[in-house]
Amino acid sequence: MIEELYSIERLALEKSIIHDLDSRVKIIVSFAAIIAMVAYPYTWDVWIPGGLFFAFFIIAWILSGLSFMTYLKRVFLILPFGIFIILFQIFFENRHYDVFTPVVDLPLGIHIYAESMEFAAILLVKFIVCISFIILLSSTTTMQDMLKGSRRLGLPSEFALIIGLMIRYLFVFAEIFGKVNNVFETRCFNAFDRRLPHKYRLRILSFAIGTLFIRSYEQGERTYISMLCRGYSKDSFLNVSKKSLKRNDLLFLATAMVYIIAIPVYAYFIL
């Protein structure tokens with residue numbers, strides 16, 4: 001996971017049509033697509049806007065020049081967190097249906113309903129589309145650019161400052177973790193080596209985790225003292241200069257927003 005952090009930032013620094021777009025445009029388009037999918041009614045025709053939104057994502061991903069294996073790896077990395085909740089839906093009744101038809105009867109009075117299976121499939125479509133746009137945003141925009149774009153869109157300065165510090169120390173933590181991991185490799189220690197006693201592995205890992213957090217805390221204190229020496233206080237804020245959108249940014253934003261608004265309206269009111 002820590003190594004993936006650097007991988008995401010490296011991909012976000014590449015050059016392409018999507019990479020070169022202003023971060024505000026990518027944030028607005030991504031959030032608009034997510035809001036449109038979440039707000040769409042829980043009906044079986046969710047496949048229509050879901051498929052068209054995913055087609056839009058595929059086009060944007062191709063224009064970004066990134067590998068589809070990268071997308072699949074990140075989807076499978078995130079999927080377990082959502083699939084667990086989605087699978088559980090098949091065992092429960094929900095407010096979106098009036099009649100429930102049992103398909104499978106299990107012990108302890110547990111039933112699998114056809115309507116609940118349909119509801120789980122709808123959730124899966126919404127989930128896949130939403131995380132796809134999140135992956136697109138994170139893979140083509142650096143964390144610092146996302147922070148600047150959010151600030152230009154009106155994110156309060158207090159939040160921007162806190163998130164900026166969090167991003168900074170996320171990489172500090174990752175750097176310290178890399179050093180600790182190199183020490184383990186130098187000493188030929190492998191936490192998953194079953195030939196080593198369990199107590200020994202747990203003791204070494206406990207020491208390593210404690211050392212990691214202590215070193216991170218000490219580094220944070222040193223940096224905080226340096227910030228105070230440079231005038232940091234409760235009234236400090238992240239200075240982000242104003243930046244106008246280019247013609248390509250406005251064109252992409254207008255086209256994407258018309259598409260994102262028109263598809264759900266067409267699918268719900270016409271089809």
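Bear in mind these aren't lab numbers, they're just calculated from the coordinates by the rules spelled out. Model, not experiment: these values are computed from the prediction. Virtual Cβ from ideal backbone geometry, glycine too; neighbours counted across all protein chains shown.
Points worth noting:
- Qualifying trypsin sites (Lys or Arg not before Pro) in region 172-215, where qualification requires a DSSP coil assignment and no more than 15 other C-beta atoms within 10 Å, comprise 187, 194, 195.
- The chain, helix-only ellipticity at 222 nm - DSSP H runs n ≥ 4, -39,500 (n - 2.57), divided by all residues, nearest 500: -23500 deg cm²/dmol
- Net +/- balance of residues flanking residue 116 in space, Cβ distance below 14 Å, scoring K and R +1, D and E -1: -4
- Cβ-to-Cβ counts within 10 Å put 138, 16, 64 in ascending order as 16, 138, 64, the fewest first.
- Region 1-135: relative contact order in percent, alpha carbon pairs under 8 Å with at least 6 residues between: 31
- Order of 46, 75 - criterion: other Cβ atoms within 10 Å of each residue's Cβ, fewest first: 75, 46
- Within region 158-229, the ratio Rg/Rh, alpha carbon atoms throughout and Rh by Kirkwood, equals 1.13.
- 3J(HN,Hα) couplings calculated from phi for region 82-96 with the Karplus curve 6.51 cos²θ - 1.76 cosθ + 1.60 (θ = phi - 60°) are, in sequence order, x, 5, 5, 5, 5, 5, 5, 5, 6, 9, 10, 7, 9, 6, 7 Hz; Gly and Pro show x.
- Listed by chain and number, the lysines whose C-alpha is less than 22 Å from the C-alpha of residue 246, apart from same-chain residues fewer than 8 away, are 15, 26, 148.
- Amide hydrogen proximity for residue 111: with H placed 1.01 Å from N in the peptide plane, the residues at 5 or more positions away or on another chain lying under 5 Å are 106.
- Put in line by how crowded their Cβ is, counting other Cβ atoms within 10 Å and starting with the fewest, 206, 244, 216 read 244, 206, 216.
- Applying 0.36 nm per residue to the separation of residue 187 and residue 7 and subtracting their alpha-carbon distance, the gain on full extension is 62.2 nm.
- Along the chain, the exposed loop sites are GluC sites (Glu not before Pro) outside DSSP states H, G, I, E and B with at most 15 other Cβ atoms within 10 Å, and the longest stretch free of them is 94-271.
- Cβ-based net charge around residue 46, under 15 Å, with every Lys or Arg adding one and every Asp or Glu removing one: -2
- For the chain: Kirkwood Rh in Å [reciprocal of mean 1/r, alpha carbons]: 22.4
- The HN-Hα couplings worked out from phi for region 258-263 by the Karplus form 6.51 cos²θ - 1.76 cosθ + 1.60 (θ = phi - 60°) are 4, 5, 5, 7, 6, 4 Hz, whole numbers, x standing for Gly and Pro.
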